[in-house]
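**Q** Handing you a structure now.
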Amino acid sequence: MRGVVFTGERGLELMQFPDPTPDAHDVVIEMKASGMCGSDLHQYRRPKGQAQPTGIPMRDGPVIAGHEPCGVVVAAGSAVDAKEARIGQRVMVHHYQGCTQCNHCRSGWQQLCQEVPVKVYGNNAHGGHAQYLKVPANTLVPLPDELSFSAGAAIACGSGTAYSALRRMNLSGND
């Protein structure tokens with residue numbers, strides 16, 4: 001498959017990658033939409049040859065960009081339960097993956113995990129700017145039929161980030 005790689009200094013390249021196959025707890029998603037986030041622009045604009053200064057361990061070799069992925073499950077690993085994911089299911093992807101066991105991960109804040117290097121799709125793990133994306137089944141969020149794939153891609157990061165900030169600030173309609 002071909003995937004978009006941000007090469008730095010506002011450059012990108014369409015590179016060839018092997019089609020992903022799911023490990024036991026993974027799914028493969030056929031991408032239907034993949035948004036561009038402000039954090040993607042850090043990779044896009046960085047100086048050539050310089051890793052993004054986020055403290056996130058970088059992956060060896062080129063990384064497919066895009067961490068607002070949305071699509072349809074086309075393959076599932078042997079340990080994926082039908083309650084987690086099923087072939088043909090429309091999904092968004094929570095774009096972080098931590099250890100899944102620590103207090104941060106279990107409370108929905110995998111990006112704060114201190115137990116393992118956090119995977120950030122489109123940054124230090126392949127993202128959604130390709131035909132397929134392999135992710136752990138536990139990162140999936142069902143996409144209702146009423147929402148388009150484009151809306152799902154936007155919700156996958158941007159809407160969730162804004163909503164989460166509002167929840168943490170304890171704002172209500174009265175504010």
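**Q** Can you give me the number of residues within segment 60-85 that are within 25 Å of Gly11 (Cβ to Cβ), surrounded by fewer than 21 Cβ atoms within 10 Å (Cβ to Cβ) and in contact with a strand residue (DSSP E or B) (Cβ under 6 Å, 6 or more places away or on another chain)?
**A** 1
**Q** Going through segment 128-175 one residue at a time, which ones are in a strand (DSSP E or B) and out of contact with any helix residue (DSSP H, G or I) (no Cβ under 9 Å at 6 or more places or on another chain)?
**A** Scanning segment 128-175 gives Ala130, Tyr132, Leu133, Lys134, Val135, Pro136, Leu140, Pro142.
**Q** Can you tell me which residue among Asp145, Asp175 is acidic (Asp, Glu), modelled with pLDDT under 90 and surrounded by fewer than 20 Cβ atoms within 10 Å (Cβ to Cβ)?
**A** Result: Asp175 is the single residue among Asp145, Asp175 that is acidic (Asp, Glu), modelled with pLDDT under 90 and surrounded by fewer than 20 Cβ atoms within 10 Å (Cβ to Cβ).
**Q** Give me a count of the residues in segment 129-142 that are closer than 16 Å to Val4 by Cα and either at pLDDT below 95 or among the charged types (D, E, K, R) (or both).
**A** Our first condition is that a residue be closer than 16 Å to Val4 by Cα; within segment 129-142, this holds for 129-134.
Imposing the further condition that a residue be either at pLDDT below 95 or among the charged types (D, E, K, R) (or both) reduces the set to 134.
Of the residues in that region, 1 qualify.
**Q** Separate question: Within segment 115-127, is there a residue that is modelled with pLDDT of 95 or more and among the hydroxyl-bearing types (Ser, Thr, Tyr)?
**A** Checked segment 115-127: no residue is modelled with pLDDT of 95 or more and among the hydroxyl-bearing types (Ser, Thr, Tyr).
**Q** Still on this structure: Just to verify a result, which residue in segment 1-10, among those that are touching an Asp or Glu at 6+ places or on another chain (Cβ under 8 Å) and part of a strand (DSSP E or B), is farthest from Thr139 (Cα to Cα)?
**A** If we take residues in segment 1-10 being touching an Asp or Glu at 6+ places or on another chain (Cβ under 8 Å) and part of a strand (DSSP E or B), then Thr7 is farthest from Thr139 (Cα to Cα).
The values are calculated or read from the model by the stated rules, or taken from the named source; none is laboratory data. Since the model is a prediction, treat every value here as computed from it, not as a measurement. Because the Cβ atoms are built from the backbone with ideal geometry, glycine has one as well, and the counts that use them run over all protein chains shown.
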